[in-house]
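The block underneath contains the structure these notes are about, expressed in structure tokens.
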């Protein structure tokens, strides 16, 4: 069994943290933090962010096949400024597919966690903590934080049982 | 007053950009076939603003290419949430692209961002001169 990494969700307000935590229910291993400021960028201990394709542009993201993600390396300079060593990005919808959160977000979360497991297979312990932001977690606002928390929690629980 | 100005500009940008709900459909549309232009948007860092002002085109350094969005709202969304704190100040830019050039870009549909176009670095000079909307800073 590949252990699930810790998941940190970075939210811009205390209200959003409360909403997210409400959706989490009794799930362990997912931590919501806020408010924003630039605390997230400088938070030590996060090994990878998941960022949408456009937000990962500066690390050389480029379109990849739908329903897959890529793991990019950040520079030493980035890391000295608080950026984690890995950026995970790339989840595209298939042609004609609608961004229905309940169907698509679990696919995204599993893709990200699969990618983490693959990195950790090659470099044991390289990614122990993954960070998400509200924009990516809610598919750009397509769903509520509470619902995305519930979906993320279900994925983590399912993977923990495997 | 500034809020009203932003709303009006957003409306203007949205109206001046053709509906791009399905970019795959757009590629096959009569608009794409007949020529014409399409306005695309992206938000950029201060460093990229300087680069655009100096070269009058989008240029990419150490990246594979750049992403562009058919609406100003989509571009703005890239600069919001607390990740913006790591991006620094962001400025809205746009470029009006001949549809013949647009067909050379890669039409994609990223989750969260909505329909977008990706232009590899070598194609960026073909896009033309960008407009920097300095009066609409995004934080």
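The values are calculated or read from the model by the stated rules, or taken from the named source; none is laboratory data. What you are looking at is a predicted structure, and each value in this text was computed from that prediction instead of being measured. Cβ sites come from the backbone with ideal geometry, for glycine too, and all protein chains shown count toward neighbours.
Got a number for residues in the stretch A:37-48 being under 22 Å from residue B:111 (Cβ atoms) and either modelled with pLDDT under 70 or at the interface with another protein chain (Cβ under 8 Å from one of its Cβ atoms) (or both)? Residues meeting the conditions: 1.
Screening the candidates A:96, A:34, A:90, A:54 for the property of being surrounded by 14 or more Cβ atoms within 10 Å (Cβ to Cβ), without any contact (Cβ under 8 Å) to a residue 24 or more places away in the chain and within 11 Å of chain B (Cβ to nearest Cβ) yields one hit, A:54.
Within the stretch B:53-77, the set of residues being under 13 Å from the mean Cα position of the chain (by Cα), without any contact (Cβ under 8 Å) to a residue 60 or more places away in the chain and not in a loop (DSSP other than H, G, I, E, B) comprises B:65, B:66, B:67, B:68, B:69, B:74, B:75, B:77.
Only residues that are at the interface with chain A (Cβ under 9 Å from one of its Cβ atoms), at pLDDT 85 or above and part of a helix (DSSP H, G or I) were counted in the stretch B:21-52, giving 0.
Checked against (1) modelled with pLDDT of 90 or more; (2) touching a helix residue (DSSP H, G or I) at 6+ places or on another chain (Cβ under 6 Å); (3) farther than 14 Å from residue A:55 by Cβ; (4) within 9 Å of chain A (Cβ to nearest Cβ), residue B:69 passes all but a single condition, namely (3). Tallying residues that are free of Cβ contacts under 8 Å to residues at least 60 places away in the same chain, surrounded by 13 or more Cβ atoms within 10 Å (Cβ to Cβ) and assigned to a helix (DSSP H, G or I) within the stretch A:1-25 yields 2. Taken over the stretch A:102-112, the criterion of being surrounded by fewer than 21 Cβ atoms within 10 Å (Cβ to Cβ) and in contact (Cβ under 8 Å) with a residue 40 or more places away in the chain is satisfied by A:102, A:106, A:107, A:110, A:111.
Restricting the stretch B:92-111 to residues that are in contact with a helix residue (DSSP H, G or I) (Cβ under 8 Å, 6 or more places away or on another chain) and assigned to a helix (DSSP H, G or I) leaves a set whose member that is farthest from the other protein chains (Cβ to nearest Cβ) is B:99.
Can you pull out the residues in the stretch A:114-151 that are away from chain B (no Cβ under 14 Å) and crowded, with 22+ Cβ neighbours inside 10 Å? Within the stretch A:114-151, A:115, A:116, A:127, A:130, A:149 meet the criteria.
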